[in-house]
Amino acid sequence: MASHSFVSPPPAVPDVLVTFPVQHVMLVTINRPRQLNSLPSTYHAPFDRLYRWFDNEPALRCAVITGAGRAFCAGADLKEWNDRNAAASKPGAAPEPKTERWTNSGFGGLSNRTGKKPVIAAVNGICFGGGMEITTNCDMVVAAQSAKFALPEVKRGVVAIAGALPRIVKTLGRQRSAEMVLTGRVFSADEMERWGIVNKIVPDDKVVAEAVALAKMVASNSPDAVVVSREGMRMGWDGLAPELATDLLERGMYGIMDGAENMKEGVLSFVERREAVWKNSKL
């Protein structure tokens, strides 16, 4: 376990383990194995606070999310939904005030997150519904060989409304995304790798270690360059024209890091033929 000195401690999230397995890397483990790591509606705001803390904590550079037991995340807690529906159906029950499903960052604080720093999904098992919505918005995905993926909402009379629908069309194209969304069928890790959702498939007992190793590789690079490069990719993902995105990036975040400590260190370390020693990002 790496030792860290943080500006402030990480905010608590119910049924979630937050650890720091290597320097500059945060590992988030959803720990509701009996419920297949499904998430009640009250958990989304604490997740949002955790990832905002991660983005603002200078010592951290990359995060990994996974699940305990045989599931990554089975999505929303449908028992909670059913209990709420049953209570609302009782004679004389007062109508529940309309509340937001989640914060702007989406399901589990990730399905609509923009953020500054990359998050890697270590999909260790069942990845359904909201879990799949999280995965479609992660920067990279490592999957266990036995992992299963699905957006089964149409089978339950609901809709994947936390951000996956427009994103999955960009990743998969119209026909493949339609097959996933409109049939609700379950897909294997091999299919998701061929279709471009999954970066790498590993044995079941290696998925977290492989994702942490990938995060460590990211964290070994200039934290400024990682943040700015990710922002440039996000602009393209959001549909900005390449020329406009490049101009905005150059006049914005790149302008802040241009000529700063980490850029000078990267060039100097190359000239001196040694490993770079990065400063924590101020972006």
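FYI, it's all coordinate maths here, none of it is from the lab. Here the structure is a predicted model, which means the values were calculated and not measured. Here the Cβ positions follow ideal geometry from the backbone for every residue, glycine too, while neighbour counts run over all protein chains shown.
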**Message:** 5 Å is the cut-off here: which amide hydrogens, built 1.01 Å from N in the peptide plane, fall below it relative to Leu39, excluding neighbours closer than 5 in sequence?
**Reply:** Gly75, Ala76, Asp77
**Request:** Could you list Cys62, Cys138 in order of exposure, starting from the residue whose Cβ has the fewest other Cβ atoms within 10 Å?
**Result:** Cys138, Cys62
**Gaussian network model of the chain, Cα within-10 Å springs - most flexible of Gly125, Gly115, Gly252** = Gly252
**Request:** Determine the relative contact order of the chain: mean sequence separation of Cα pairs under 8 Å and six or more apart, normalised by residue count, in whole percent.
**Result:** 16 percent
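State the antiparallel share, in %, of DSSP beta bridges confined to the chain, rounding to the nearest 5.
20 percent
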**Fill in**
Taking placed amide H atoms and a strict 5 Å upper bound, the residues 5 or more places from Lys282 or on another chain that come that close are none
**Item:** Cα gyration tensor shape for the chain, rounded if a/c is under 1.5, else prolate or oblate
**Value:** prolate
**Message:** Out of the chymotrypsin sites (Phe, Trp or Tyr not before Pro) in segment 127-210, which ones are loop residues according to DSSP with at most 16 other C-beta atoms within 10 Å?
**Reply:** none
**Prompt:** For segment 223-271, taking Cα atoms only, what is the radius of gyration to one decimal and the Dmax to the nearest whole Å?
**Reply:** 12.1, 38
**Message:** Quick check: Cα centre of segment 15-45 to Cα centre of segment 205-283, how many Å?
**Reply:** 26 Å
**Request:** When a/c is below 1.5 the answer is rounded, else prolate if a/b is larger than b/c, else oblate, so apply that to segment 199-283 with a ≥ b ≥ c taken from the square roots of the Cα gyration tensor eigenvalues.
**Result:** oblate
**Request:** Would you kindly derive the ³J(HN,Hα) couplings of segment 141-154 from the backbone phi angles with the Karplus curve 6.51 cos²θ - 1.76 cosθ + 1.60 (θ = phi - 60°), listing them in order in whole Hz, with x for Gly and Pro?
**Result:** 9, 10, 10, 5, 4, 8, 4, 10, 10, 6, 10, x, 4, 4
**Request:** Report, in order of residue number, the helices in the chain meeting two criteria: a C-alpha extent of 27 Å or more along the helix axis, and a mean Kyte-Doolittle hydropathy of at least 0.0; treat each whole DSSP H run as one helix.
**Result:** none
**Prompt:** So who's got an amide H within less than 5 Å of the one on Ala71, skipping anything under 5 residues away but keeping other chains? H placed 1.01 Å off N, in plane.
**Reply:** Ile126
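So for segment 139-283, considering every pair of alpha-carbon atoms, how many percent are separated by more than 21 Å?
Result: 61 percent of Cα pairs exceed 21 Å.
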**Request:** List, in order, the whole-Hz ³J(HN,Hα) value for each residue of segment 6-11 obtained from phi through the Karplus relation with A = 6.51, B = -1.76, C = 1.60 and θ = phi - 60°; use x for Gly and Pro.
**Result:** 9, 5, 8, x, x, x
